[in-house]
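Rule-based calculations on the coordinates, nothing more; no lab input. The structure presented is a predicted model; accordingly, all values stated were derived computationally and were not measured. Cβ placement follows ideal geometry from the backbone for every residue including glycine, while neighbour counts extend to all protein chains displayed.
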Amino acid sequence: MSRHHARNRRLPSDPDTALPDAAPPEGRLPGAAASGADGLWAEPTGGFPDGPSPAPRSSRRPAAQPRPAQVGSLTGSEPGTWLPADGGDVLLVTGFEFLRGEVERIVAAAGGRLRVVDDVAQAAPFWDSAADVLVGSDVRELPPRRRAPAVLVGLSGEGDTLWHLGAALGAQRVAVLPDAAAWLAEYLNRSRSPEAGGLVLGITGGCGGAGATTAAAWLAQAAAELGARVLLVDADPWGGGLELALAAEESPGLRWPDLADASGSIDPQQLADALPVAGGFSFLSWPGSRERPPLVDPVTVGNVLDAARRGYEVVIVDIGRNAEPLRTFAWDCDRLLVVVPAQLKAAVAAARLMQELPPVESALVIRGKAGVALDAALVAESVGLPLHGVMPEVRGTASATELGRLLDQGRRKTVRRFASSVLGLLAGDLQAGDLR
């Protein structure tokens, strides 16, 4: 499975709104004047008819050389347009005519070539050689022993069924058209790029009060101390603001509301320059205020995380446990950690949460101490996830969080041992030299 298990779509509950028309004049990020984040948008990379500049995507896989746009089809027994079987084409599997037309337009805009088949039986000979495999929402099964599709493509109005289907098929991403048209064009365009990206690690709580925010902050702190470029992302607009736990509410730099109107490709370096720093790592937080948080479009979230992936070696996302952040952020993560207290009720809640997670490699972190009622391995077995570490119960952590001294707790030896063990297990997913 690709490292980039992410999502780019509008939530079913979102109003039907169009993608932003264009990047702001002179490439300026909204609200960035005070932070010196001019030119946060990169120049558009290729045109897209009747839409904005596509959003970026990173890929670790070897690149094929870009080719001129050439859209062909191969449906049923009709020969269609001949395409060389050199692995440079995009394979679309769908019997929906409207969906086929939408994807043909997008692939042409991305400068790619498309092969279309009606069903998985016709797709099997071309599946493994295709640069990217897209499947329509009418597909319910995959050819035997074939890799998971890169993107499940559906239409607005299909609702949550798309996400359940995407998880069942193991799709790496879900694109809901027409809202995600610009994103999908850039996704395909960047799939031919050899540019590497950092690890995006999502952390969520298996139950309320599990300690996911604490684990995220401590892991970010430890990774930064080991020499990696780290970004900690606050993904839950209803969580009260991560910056308060870091005592960094006065630190200059961008917060999520400053990015609400962002559109187009975001320059990774200028994003990094515009973000505040605490504990040796950058962070992107919701404000710790009483004001109602503004809506940040899921496409914008995808653009920000793609830029973060390209600008940092480790991106740790404190996802929270609400349904909206889970769907907005979890699909953009390469790995997921679920934090669960060593308690029976918490284990049951975590097992239920598993049904809402995308098909991303996931593991469990148990929060407990010596003498807890339930053994960590037993909890992991009951939840159905491999055990990735035991986070210590450190006395005074709750009050330290309230006082903004969470990172002080992170310097304790027991916390350092926990963070080192988790980061050590993730070392295979990190670029060489990330953790020194």
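Can you tell me what the convex hull of the Cα atoms of the stretch 228-340 projects to on average, as an area in nm²?
Numbers: hull surface 27.9 nm².
If I average the Cα hull's projected area over directions, I get 7.0 nm².
Determine, at each q value in 0.10, 0.12, 0.17, 0.23 (inverse angstroms), the log₁₀ of I(q)/I(0) that the Debye formula gives when each Cα of the stretch 298-396 is one equal point scatterer. The computed values of log10 I(q)/I(0) come out as -0.31, -0.44, -0.81, -1.18.
Any idea how far apart E361 and E393 come out in nm if each label point goes 7 Å out from Cα toward Cβ? Using points 7 Å along Cα→Cβ, the separation is 3.2 nm.
When 1/r is averaged over all different Cα pairs and the result inverted, which Kirkwood radius in Å belongs to the stretch 181-264? Radius from the Kirkwood sum: 15.7 Å. Give me the base-10 log of I(q)/I(0) for the stretch 141-216 at each q in 0.23, 0.26 Å⁻¹, Debye formula, one uniform scatterer per Cα, rounded to two decimals. The Cα Debye sum returns log10 ratios of -1.08, -1.13.
Place a point 7 Å from Cα of R145 in the direction of its Cβ. Which residues in the stretch 106-127 have their backbone N less than 20 Å from it? Taking a point 7 Å out along Cα→Cβ of R145, the residues of the stretch 106-127 whose backbone N falls under 20 Å are 120-127. If you wrap the Cα atoms of the stretch 113-184 in a convex hull and average its projected area over all directions, you get 4.8 nm². Rounded to the nearest 0.05, what FRET efficiency do A377 and A260 have when you use their Cβ-Cβ distance and R0 = 30 Å? For A377 and A260, the calculated efficiency is 0.10.
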